[in-house]
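For reference, the structure discussed in these notes is given below.
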Amino acid sequence: MNQIDYGFPTVLGRNLIAELPAFVHAPFLVVTMDDLAPIYERALSGSEMIVYTVRSIDEADLRRDLEELPRVEAIVGLGGGQALDVAKYLAWRRRLPLFQVPTALSVNAVYGHRAGLRVDGKVRYMGWTIPESVFIDLDVIRSAPPQLNYSGIGDVLCFHTGVLDWKYAAAQGKCESKWPYDPALAAQSLSKVEAVLDATGDIRDLTDNGIEVLLDGLKWGTSYHGAGWNPRHIEGIEHFVFYALEHYTGRKFLHGQPVCLGLFVGAVLHDVRPDEMLQAVRAVGVDIRPAAMRITWDDVETALTHLQDFVHEAGLWHSIAHDQPITATEVAEIRDRVEAAYG
């Protein structure tokens with residue numbers, strides 16, 4: 001496969017939010033979160049804007065809200081993954097130009113064409129939106145709670161287990177015919193993993209290099225579309241663990257924590273570099289212990305011991321989780337290794 005051109009038009013700089021009124025058609029809708037009011041109120045004061053604060057990512061709720069939203073000429077997504085996904089969805093439904101301003105690099109949502117929403121309690125990706133530009137304001141990124149930025153490594157290191165699951169499914173003769181294993185595409189994903197492993201200190205310190213390495217890996221999210229809507233090289237069991245935890249606990253999580261826990265679980269099952277992945281996650285500063293996610297190891301055991309049933313019922317693409325059940329004894333071993341790594 002040829003090299004994929006990836007990433008939407010992206011601008012890195014400072015004081016970028018305050019420039020938006022100079023070129024975004026007014027009135028524009030700012031899709032954001034309540035806790036970000038100080039940012040948009042300060043930077044966009046006096047602008048002809050309407051603020052929509054995200055309270056749900058359930059598509060049924062968003063459809064109802066669409067009926068009540070006033071007429072606007074453009075949409076600005078300002079915030080983390082949920083705000084950016086909802087901005088994509090509203091822009092798609094209204095057929096409006098979209099400008100995206102992540103306030104933290106916590107997920108790759110800004111570099112996906114589709115919005116990750118919930119339909120009947122299940123994750124569904126829908127819509128099609130290409131932003132006019134993505135604005136990365138370095139001062140805003142660094143002002144976010146560090147954990148939000150650290151979380152972003154989950155959506156890059158996940159390529160490790162995504163590729164492992166792809167190779168596994170191909171070896172088992174269970175790979176989807178529309179997504180045959182592509183070594184060149186897999187190698188491109190794995191190069192992003194190595195870049196993060198080589199820059200854990202810079203990512204933890206949020207240096208310019210650390211931000212750029214993380215950003216480069218997150219941009220690879222657009223390769224899902226560039227490879228023909230193929231998720232194989234960017235997502236696998238690590239995200240399935242996240243979905244299962246969400247399903248069985250009914251809780252919402254900071255994306256990178258359950259994904260990085262799933263990364264370790266998947267690397268253990270495949271027996272490929274599990275300790276290296278765990279140490280990298282620990283070195284950056286992502287805490288994957290259940291207590292840090294406000295759940296318990298019993299919750300994790302429920303999700304992992306039922307993971308095989310969950311992935312079949314959810315109709316997820318074939319992975320090692322489809323064939324290899326996880327026992328309570330194995331969960332205890334995973335628990336001991338994680339707790340030991342964090343001391």
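The values are calculated or read from the model by the stated rules, or taken from the named source; none is laboratory data. These figures come from a predicted structure and were not determined experimentally. Reconstructed Cβ throughout: ideal geometry from the backbone, glycine too, with neighbour counts over all protein chains shown.
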Restricted to region 213-232, and to residues that are in a loop (DSSP other than H, G, I, E, B) and not basic (Lys, Arg), which residue is nearest to the chain's Cα centre (by Cα)?
PRO231
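Would you confirm whether any residue within region 85-100 is closer than 18 Å to VAL134 by Cβ, of a type in the set (Asp, Glu) and more than 20 Å from the chain's Cα centre (by Cα)? Walk me through it before giving the result.
Here is the first cut: in region 85-100, the ones closer than 18 Å to VAL134 by Cβ are 85-92, 96-100.
Applying the additional criterion that residues be of a type in the set (Asp, Glu) yields 85.
Filter again for more than 20 Å from the chain's Cα centre (by Cα), leaving none.
Taking every residue of region 85-100 in turn, none turns out to be closer than 18 Å to VAL134 by Cβ, of a type in the set (Asp, Glu) and more than 20 Å from the chain's Cα centre (by Cα).
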If I filter region 50-72 for residues that are touching a Pro at 6+ places or on another chain (Cβ under 9 Å), modelled with pLDDT of 95 or more, surrounded by 12 or more Cβ atoms within 10 Å (Cβ to Cβ) and of a type in the set (D, E, K, R), do I get at least one hit?
no
List the residue pairs whose Cβ atoms are under 8 Å apart, where the first residue sits in region 197-213 and is touching a residue at least 40 places away in the same chain (Cβ under 8 Å), the second is crowded, with 18+ Cβ neighbours inside 10 Å and aromatic (Phe, Trp, Tyr), and the two are 6 or more positions apart or on different chains.
ILE203/TYR150; ARG204/TYR150
Would you point out which residue out of ARG232, ARG335, ARG294, ARG289 is charged (D, E, K, R), closer than 23 Å to ASN149 by Cα and in contact with a helix residue (DSSP H, G or I) (Cβ under 7 Å, 6 or more places away or on another chain)?
ARG289
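From the list VAL119, VAL134, pick out the single residue that is assigned by TED's automatic domain parsing to the domain that holds PRO97 and within 17 Å of the chain's Cα centre (by Cα). Full working, then the answer.
Working: VAL119 fails: within 17 Å of the chain's Cα centre (by Cα).
VAL134 is the lone residue from the list that is assigned by TED's automatic domain parsing to the domain that holds PRO97 and within 17 Å of the chain's Cα centre (by Cα).
Kindly indicate whether TYR224 is modelled with pLDDT under 95 and buried (at least 19 other Cβ atoms within 10 Å of the Cβ).
Numbers: modelled with pLDDT under 95: yes; buried (at least 19 other Cβ atoms within 10 Å of the Cβ): yes.
Yes, satisfied.
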In region 319-336, residue nearest to HIS239 (Cα to Cα) [restricted to those that are touching a Phe, Trp or Tyr at 6+ places or on another chain (Cβ under 8 Å) and not hydrophobic (A, V, I, L, M, F, W, C)]:
SER319
Name the helices (runs of 4 or more DSSP H) wholly inside region 292-331 in which the number of residues that are surrounded by 14 or more Cβ atoms within 10 Å (Cβ to Cβ) and out of contact with any Asp or Glu (no Cβ under 9 Å at 6 or more places or on another chain) is 3 or more.
297-305, 307-314
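Does region 254-281 hold any residues that are part of a loop (DSSP other than H, G, I, E, B) and either surrounded by 21 or more Cβ atoms within 10 Å (Cβ to Cβ) or not assigned by TED's automatic domain parsing to the domain that holds ALA303 (or both), and which are they?
Looking only at region 254-281, we keep the residues that are part of a loop (DSSP other than H, G, I, E, B), and these are 254-255, 271-273.
Matches in region 254-281: LEU254, HIS255.
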Restricting the search to region 233-253, which residues are surrounded by fewer than 22 Cβ atoms within 10 Å (Cβ to Cβ) and not in a helix (DSSP H, G or I)?
GLY250, ARG251, LYS252, PHE253
Whether any residue in region 18-33 is of a type in the set (Ser, Thr, Tyr) and either free of Cβ contacts under 8 Å to residues at least 12 places away in the same chain or surrounded by fewer than 11 Cβ atoms within 10 Å (Cβ to Cβ) (or both) is what I want to check.
no
The residue that is surrounded by the fewest Cβ atoms within 10 Å (Cβ to Cβ), considering only those in region 163-180 that are free of Cβ contacts under 8 Å to residues at least 24 places away in the same chain and touching a Phe, Trp or Tyr at 6+ places or on another chain (Cβ under 9 Å), is ALA171
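Please specify each residue of region 140-162 satisfying the condition of being β-branched (Val, Ile, Thr) and surrounded by 24 or more Cβ atoms within 10 Å (Cβ to Cβ).
If we filter region 140-162 for residues that are β-branched (Val, Ile, Thr), which is where we start, we get 140-141, 153, 156, 161.
ILE153, VAL156, THR161 - these are the residues of region 140-162 that are β-branched (Val, Ile, Thr) and surrounded by 24 or more Cβ atoms within 10 Å (Cβ to Cβ).
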